[in-house]
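See below for the structure under consideration.
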Amino acid sequence: MDRQLTVDDARQSLRGHVAAKGEEIRAKYGPHIGYNELLRILDDRNFVRYPCELSFDSTPLMEDECAHPVPKSNRPEDGFVMHVHPYFSTQPERVPYLVLYQLVAINYGEFASAEDAEAFGASALGLSDDEYYRVLCQMADEIG
């Protein structure tokens, strides 16, 4: 008898998939992923499903939010603008931490969780999930 897949099964599968994609990014663009590598990643449709441009503009961000993608239209194919808090515009080496976390929302939509985003970013940057989470919290605290 075939076992039915559950939502939990799907979530675990997605977590494994995003972590593997992060490892692929690290293999192709790493081991150090800085701002220039991030720009190349954003143009690589193997890793970023839809066009995505960066903007250091906090207007659409919620209070204490470091980065967030905003669709250009109701069609994802038209692309996204990744708004990054201007505080980080003078710290380009830290921008990949914020953007990689948010790319999961562009690639997988609402089904992806915060844990998926952490797994993706941590794998791409060669960090543990906990270490990556601590860095993101520290960055959020800096603008808070």
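The values are calculated or read from the model by the stated rules, or taken from the named source; none is laboratory data. Because the structure is predicted, anything quoted here is derived from the model rather than measured. When we count neighbours, we look across all protein chains shown, and the Cβ atoms used for this are built from the backbone with ideal geometry, even at glycine.
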- Task: Residues being touching a helix residue (DSSP H, G or I) at 6+ places or on another chain (Cβ under 8 Å), of a type in the set (Gly, Ala, Ser) and assigned to a loop (DSSP other than H, G, I, E, B): count how many of those fall in region 110-144.
- Result: 4
- Item | Residues that are under 14 Å from GLY22 (Cα atoms) and in contact with a Pro (Cβ under 6 Å, 6 or more places away or on another chain), drawn from region 78-104 | GLN102
- Among (1) in contact with a helix residue (DSSP H, G or I) (Cβ under 9 Å, 6 or more places away or on another chain); (2) surrounded by fewer than 16 Cβ atoms within 10 Å (Cβ to Cβ), the one test that ILE25 misses: (2)
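Matching residues to (1) free of Cβ contacts under 8 Å to residues at least 40 places away in the same chain; (2) within 30 Å of ASP8 (Cα to Cα); (3) small (Gly, Ala, Ser):
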{"residue": "ARG45", "(1), (2), (3)": "yes, yes, no"}
{"residue": "TYR50", "(1), (2), (3)": "no, yes, no"}
{"residue": "ASN74", "(1), (2), (3)": "yes, yes, no"}
{"residue": "PRO92", "(1), (2), (3)": "no, no, no"}
{"residue": "LEU100", "(1), (2), (3)": "no, yes, no"}
{"residue": "LEU125", "(1), (2), (3)": "no, yes, no"}
- Message: So THR59 passes all but one of these: (1) without any contact (Cβ under 8 Å) to a residue 24 or more places away in the chain; (2) assigned to a loop (DSSP other than H, G, I, E, B); (3) not hydrophobic (A, V, I, L, M, F, W, C). Which condition number does it fail?
- Response: (1)
- Query: For region 20-28, does any single residue satisfy the condition of being in contact with a strand residue (DSSP E or B) (Cβ under 8 Å, 6 or more places away or on another chain) and at pLDDT 95 or above?
  - Reply: no
- From the list VAL70, VAL95, which one is under 14 Å from the mean Cα position of the chain (by Cα) and in a helix (DSSP H, G or I)? VAL95
- region 89-116, residues that are among the hydrophobic types (A, V, I, L, M, F, W, C) and buried (at least 22 other Cβ atoms within 10 Å of the Cβ): VAL95, LEU98, VAL99, LEU100, LEU103, VAL104
- Message: If the requirement is being modelled with pLDDT of 95 or more, under 19 Å from ALA117 (Cα atoms) and part of a helix (DSSP H, G or I), which of these qualifies: GLU53, GLU37, GLU77?
- Response: GLU37
